[in-house]
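The values are calculated or read from the model by the stated rules, or taken from the named source; none is laboratory data. Quick caveat: nothing in here was measured; it's all calculated off a predicted structure. Positions of Cβ are backbone-derived with ideal geometry, glycine not excepted, and every protein chain shown enters the neighbour counts.
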Amino acid sequence: MTESPMSIPVYEGSMLSLRSTTPSLARSRPMTGLAKRKSEPEPKWKRGDLESKYRCVACSNYLRFPLQFEDCGHHICSGCLPDIMRVSPRCPSCQQPIARDKVVNDKGLQRDIQSLDVYCYYKDKGCDWQGTLKDYMGHVDTCGFVQVDCTNACGVRFERRFAPKHQTEDCPKRTVVCEFCKGNIIFEEEIPHLNTCPEFKVPCPNGCSSQEWPRGQIQNHLDTMCPKQELSCPFGECGCEYRGQRTEITKHMQESPGLHLNLAGRTITIQKKLLQAYEERTNEQKKWIELLSVRVNALDKTYGAQYIWKIDHYQERLEEARTGKKTTLFSPPFLTSRHGYRLALSICLGGDGKAKGKYVSLFICVCRGEYDALLSWPFSHRVTFTLLDQCEDVDNRRPIIYSVKPNICKENKPFLGRPVTERNASFGAQKFTDLDTMGTLEYVKDDTVFIKVEIDNEDMIII
């Protein structure tokens with residue numbers, strides 16, 4: 001069984017608003033059971049002073065959930081016992097040592113105490129409640145004479161019965177509605193809010209009339225309507241230094257057409273010279289762009305493909321593949337960029353696996369490189385193989401192209417993961433092109449074959 005803690009008043013009397021002087025740290029620090037019981041106000045007993053048998057020997061308040069020391073027979077509140085056992089396990093009355101197994105609940109005494117007739121502690125202030133002690137704590141939770149803190153945390157304490165008035169009329173932290181923008185604001189921030197509220201009505205700073213405008217619209221009034229707003233002459237950018245009120249600007253324009261015409265003509269001349277200089281500058285930049293374009297094209301031709309593999313002595317190598325003497329050729333390793341992936345090509349001129357004797361098989365593998373720690377894994381970039389046609393007529397060339405997009409999955413980690421040995425297993429085109437096609441056109445010329453490989457770098461990390 002638990003009971004709600006009683007609110008502890010800081011001030012006597014029935015003042016409407018009193019600011020608490022208790023430091024915030026002290027208010028927030030929880031009290032121990034014994035200290036809390038000592039600070040709680042007792043109800044007023046109908047039969048005068050409370051008999052000593054109903055009082056706790058530790059806190060001297062009435063017993064709440066009484067416990068009895070079997071050895072000496074004294075009683076103590078259950079909430080006071082932990083402090084007594086922690087500080088000095090002795091009876092506060094007779095100083096006899098206390099054993100934990102010699103402390104028992106006295107339920108009979110509890111019933112007797114709870115049935116005592118009492119008045120409210122605040123009877124002298126006007127509270128007319130009376131009843132038994134067991135109902136007293138429930139009354140305290142609603143008693144209008146108990147002092148409470150403002151729920152808005154404004155730091156004020158007052159009797160509960162004054163709470164509605166405080167919350168609606170006196171609390172500096174109560175919420176109010178701005179009469180101009182209809183927004184909710186804190187009462188103590190009302191003045192700062194009104195100083196910035198866009199709907200607050202303000203007069204024209206030029207005093208052009210008695211009318212007022214919402215603060216958010218006053219700038220538009222000054223820019224478009226106010227007759228007293230000081231403006232520059234429309235020909236100010238041409239050199240006219242005149243400034244005056246809006247009504248005077250019209251008069252100035254009517255009285256000075258010759259001046260403005262001369263200024264406009266001079267400005268046109270200056271602008272024409274500037275435009276001519278701009279065109280010259282633009283033409284110069286076009287020349288630089290063309291020069292850079294030529295350089296970029298040259299670089300594209302030089303470094304357009306990541307790698308071109310030249311395979312010479314083709315017929316000899318093809319025969320070695322057919323006889324099984326050397327079935328696979330490997331290219332030197334190459335980089336996708338200066339600090340990119342390190343790759344290598346391999347080719348089976350007589351075919352690999354099920355393609356043996358029918359197709360040329362072409363593969364690529366990821367090799368261990370110096371910059372692997374900086375790259376993204378697994379390798380996921382599209383690879384394009386091209387068997388180049390060496391026809392002298394460029395327009396009649398018919399290259400054979402085969403593209404492979406790596407499938408990133410757990411099973412393909414040996415092919416695409418970061419290499420832990422010198423190189424990963426190869427992947428690519430087992431049926432790149434059939435052997436008969438190799439003998440057509442000019443894929444083989446001067447007993448030499450050229451194979452180009454390109455790596456898609458669209459999503460590649462460039463270091």
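Being among the basic types (Lys, Arg) and crowded, with 16+ Cβ neighbours inside 10 Å is the filter here; which residues of region 187-240 pass it?
The answer is Arg215, and nothing else.
Give, as residue ranges, the strands (runs of 3 or more DSSP E) completely inside region 390-463 that count at least 2 residues that are surrounded by fewer than 16 Cβ atoms within 10 Å (Cβ to Cβ) and either β-branched (Val, Ile, Thr) or in the same structural domain as Leu329 (by TED's automatic domain parsing) (or both).
Answer list for region 390-463: 400-404.
Among the candidates Cys150, Cys94, single out the residue that is surrounded by 12 or more Cβ atoms within 10 Å (Cβ to Cβ) and within 17 Å of Cys56 (Cα to Cα).
Every option except Cys94 fails the conditions.
Filter region 103-143 down to residues that are surrounded by 15 or more Cβ atoms within 10 Å (Cβ to Cβ) and in a loop (DSSP other than H, G, I, E, B), then give me how many there are.
The number of residues fulfilling the criteria is 8.
Restricting to region 75-90, what's the tally of residues that are surrounded by 20 or more Cβ atoms within 10 Å (Cβ to Cβ) and over 18 Å from Glu40 (Cβ atoms)?
Total meeting the criteria: 0.
If a residue counts only when it is within 30 Å of Arg174 (Cβ to Cβ) and under 43 Å from the mean Cα position of the chain (by Cα), which strands (runs of 3 or more DSSP E) contained entirely in region 189-246 have at least 1 such residues?
Fully inside region 189-246 and qualifying: 201-203, 212-214.
Return the residues of region 354-373 that are surrounded by fewer than 19 Cβ atoms within 10 Å (Cβ to Cβ), over 15 Å from Thr323 (Cα atoms) and touching a residue at least 12 places away in the same chain (Cβ under 8 Å); say none if nothing qualifies.
Correct list: Lys354, Ala355, Cys367, Arg368, Glu370, Tyr371, Asp372.
So that you can scan it fast, the table gives a plain yes or no per residue for (1) part of a helix (DSSP H, G or I); (2) among the charged types (D, E, K, R); (3) in the same structural domain as Lys134 (by TED's automatic domain parsing):
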site	(1), (2), (3)
Ser60	no, no, yes
Arg64	no, yes, yes
Asp71	no, yes, yes
Ser93	no, no, yes
Asp101	yes, yes, yes
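For Met253, which of the numbered conditions (1) in a loop (DSSP other than H, G, I, E, B); (2) more than 30 Å from Cys181 (Cβ to Cβ) fails to hold?
(1)
Only one of these conditions is not met by Gln130: (1) over 24 Å from Lys53 (Cα atoms); (2) in contact (Cβ under 8 Å) with a residue 40 or more places away in the chain. Which number is it?
Unmet for Gln130, out of (1) over 24 Å from Lys53 (Cα atoms); (2) in contact (Cβ under 8 Å) with a residue 40 or more places away in the chain: (1).
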